[in-house]
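A.B. asks: My questions will all concern the structure given below.
The values are calculated or read from the model by the stated rules, or taken from the named source; none is laboratory data. Keep in mind that what you see is a predicted model, and the values were worked out from it rather than measured. All Cβ positions, even for glycine, are placed from backbone atoms using ideal geometry, and neighbour counts span all protein chains on display. Please note that ligands, DNA and RNA were not included when accessible areas were found on the heavy atoms of the full protein model with its side chains. Shrake-Rupley method; radii C 1.70, N 1.55, O 1.52, S 1.80 Å.
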Amino acid sequence: MTPEQDLLDGAALTVYRLNGQFLTIGDGLASPAGISVAWWQVMAAVRERPLPVAGIARAMGITRQSVQRVADLLVAEGICEYRANPAHKRAKLVTITEQGLAAIERIGPQHAAMADRLAALLGPAEFAATVATLTRLSAALDTIIDGADRR
């Protein structure tokens, strides 16, 4: 293997491990609020503004079908609701309800404590640099996936 292949494998394995770690931490934070980490992810995606299921899926990097299943459960529980989408008659917008916002608020203190613990371990500058690097890595992969990088 080339050094670049080793780097790609190392990055992928590290991100897979990070994903598992974030899911474990997220479940621990979300569970006391009576929601799953998957529910929390969808709720967080529509906290600021309503989005169609496909838009949530794009933002999260997962399938539309996965988001649809979770959105349907959230709507059934009264945590989110569907609204008409003026841009598309069939693709309704998912929006969070007051009940959903209250669940996220219950997560807030533990979420803040976890963020503080991580910042204390890494240091604020390294924590910010790590997020910036991961964001650049994600953008580079988007470029490759979208075919804009034609090497």
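A.B. asks: If I model a spin label as a point 7 Å beyond the Cα along the Cα-Cβ vector, how far apart are those points for residue 117 and residue 69 in nm?
C.D. replies: 2.9
A.B. asks: Compute the FRET efficiency between residue 141 and residue 106 as 1/(1 + (r/R0)^6), taking r as their Cβ-Cβ distance and R0 = 22 Å, and round to the nearest 0.05.
C.D. replies: 0.05
A.B. asks: Given a 1.4 Å probe and every protein chain left where it sits, what share in percent of the accessible area of the chain is carbon and sulfur?
C.D. replies: 60
A.B. asks: Here's a follow-up. Which order do the peptides 120-130, 98-108 take when ranked by the mean count of other beta-carbon atoms within 10 Å per residue, highest first?
C.D. replies: 98-108, 120-130
A.B. asks: Per residue, how many Å² of accessible area does region 17-71 show with a 1.4 Å probe?
C.D. replies: 56
A.B. asks: Placing +1 at every Lys and Arg Cβ and -1 at every Asp and Glu Cβ, with all other atoms neutral, what dipole size does the chain have around its Cα centre, in debye to the nearest 20?
C.D. replies: Dipole about the Cα centre, nearest 20: 580 debye.
A.B. asks: Something else now. Please list 97, 2 from largest to smallest accessible area, probe radius 1.4 Å, with all protein chains kept in place.
C.D. replies: 2, 97
A.B. asks: Pick out the long, greasy-scoring helices in the chain: whole DSSP H runs spanning 27 Å or more along their own axis by Cα, mean Kyte-Doolittle at least -0.5.
C.D. replies: The qualifying helices are 3-30, 98-122, 124-145.
A.B. asks: Long-range amide H contacts for residue 80: which residues qualify at under 5 Å (H placed 1.01 Å from N, peptide plane, sequence gap of 5 or more or a different chain)?
C.D. replies: Correct list: 75, 97.
A.B. asks: Now for a different question. Run the quick spin-label model on residue 1 and residue 47: label points 7 Å from Cα toward the beta carbon, then report their separation in nm to one decimal.
C.D. replies: Spacing of the two 7 Å Cα→Cβ label points: 3.6 nm.
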